[in-house]
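Data block below; observations after.
Throughout, read-outs are computed from the coordinates displayed, never taken from laboratory work. These numbers were taken from a predicted model, which means no experiment stands behind them. Every residue, glycine among them, receives a Cβ derived from its backbone with ideal geometry; neighbour counts consider all protein chains shown.
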Amino acid sequence: MSLIWPIIKKTLLYLWDESFYLVIFNVLTVIIVAGGPILLMTGLTGSIGALLLAAPLLLAMPLAIFGLFWLTYQISEGKAVKFSTYFGGAKDLLQPAYVWGGINLGVGFLLAINIVFYRGQGTNWGIYAAAFFAGLSLFWLILQLLALSLYPRLVKPGFKLALRNAMVLLSMRPAAVLSLLLLALIVIVLGMFVPLTAIIISFSFIALLANMTTAEILKDSEE
């Protein structure tokens, strides 16, 4: 519990200090991550132009996420950042980013299919099964937030190693990690009701919070 307040405090301080870059790259990340699927859905209704615009955005999604986590990693370590930091991180982690994106696309699809299927059964056991897969989705989400913050810290970035280390962090400081999940969910829900917050800062806040959580857990484990 002693780690939670320092994590939140440092996250807010760095968020304020580096708000210029964090807002700019939050907007860019939102355009890519939200714009790709929206244009894809529009294109599937018959708009060829929307499909053509969706393709590069969809391909850029993993790179945008990794670029943002690389940027916030640098900030969490107290390092100076500039415009090239975001793009440099995406470039350096290009292959791991696409491996991560492909795996999460598959896992996300399977989890969503199971939740929809069991919710549609109209029975008590179906509700319980859907709730189980919803809980599994949250567990997967927290592991991915930790894993994304670990990629820049690994000598040889890889999905298995990042995921394994994320599980180790979770087992070391479950309260701090669960607080990360709770705050991330609050920010996500807030973004749904107040879209401007999602456009301006939500992605950057979650990425910075995840990196700060990882940094503080690692620091605490070394003391």
Open item on the list: Using Stokes-Einstein with the Kirkwood hydrodynamic radius over Cα pairs, what translational diffusion coefficient do you get for the stretch 1-131 at 20 °C and a viscosity of 1.002 mPa s, in µm²/s rounded to a whole number?
Closed with: 123 µm²/s
Task: Histogram of C-alpha separations across the stretch 166-223, 5 Å bin width, % - done: 4, 20, 25, 20, 13, 10, 6, 2, 0
TODO: Excluding residues on the same chain fewer than 8 positions from Lys160, give the aspartates and glutamates whose Cα lies under 19 Å from its Cα.
DONE: Asp92
Task: Sorted peptide list for 38-47, 193-202, 62-71, criterion being average Cβ within 10 angstrom, highest first - done: 62-71, 193-202, 38-47
- [ ] For the chain, calculate the relative contact order in percent as a whole number, restricting contacts to Cα pairs under 8 Å that are 6 or more residues apart.
- [x] 28 percent
TODO: Please work out the C-alpha center-to-center distance from the stretch 93-116 to the stretch 62-83 and express it in whole Å.
DONE: 22 Å
Task: Listed residues Leu148, Leu28, Leu52, most fluctuating in the chain (Gaussian network, C-alpha, under 10 Å) - done: Leu52
TODO: Give a residue-ordered list of calculated ³J(HN,Hα) values for the stretch 60-65 (Karplus: 6.51 cos²θ - 1.76 cosθ + 1.60, θ = phi - 60°; whole Hz; x for Gly, Pro).
DONE: 8, 4, x, 5, 5, 5
Task: Nearest-20 debye value, the chain charge dipole, Cβ charges on Lys, Arg, Asp, Glu - done: 260 debye
Open item on the list: Could you tell me the extents of the chain's C-alpha atoms along the three principal axes, largest first, rounded to whole Å?
Closed with: 52, 44, 36
Open item on the list: Could you derive backbone 3J(HN,Hα) for the stretch 133-140 from the dihedral phi with the Karplus parameters 6.51, -1.76 and 1.60 (θ = phi - 60°), listing whole Hz in sequence and x where the residue is Gly or Pro?
Closed with: 6, 5, x, 5, 5, 5, 4, 5
Task: Anchor Lys156: lysines whose Cα lies under 29 Å away (excluding residues fewer than 8 positions away in-chain) - done: Lys10, Lys79, Lys82, Lys91, Lys219
Task: From phi via Karplus (6.51, -1.76, 1.60), per-residue ³J(HN,Hα) for the stretch 171-184 in Hz, x at Gly/Pro - done: 6, 6, 9, x, 5, 5, 5, 5, 5, 4, 4, 4, 5, 4
Open item on the list: Full-extension gain between Phe193 and Lys219, please, as 0.36 nm times their residue separation minus the C-alpha to C-alpha distance.
Closed with: 5.8 nm
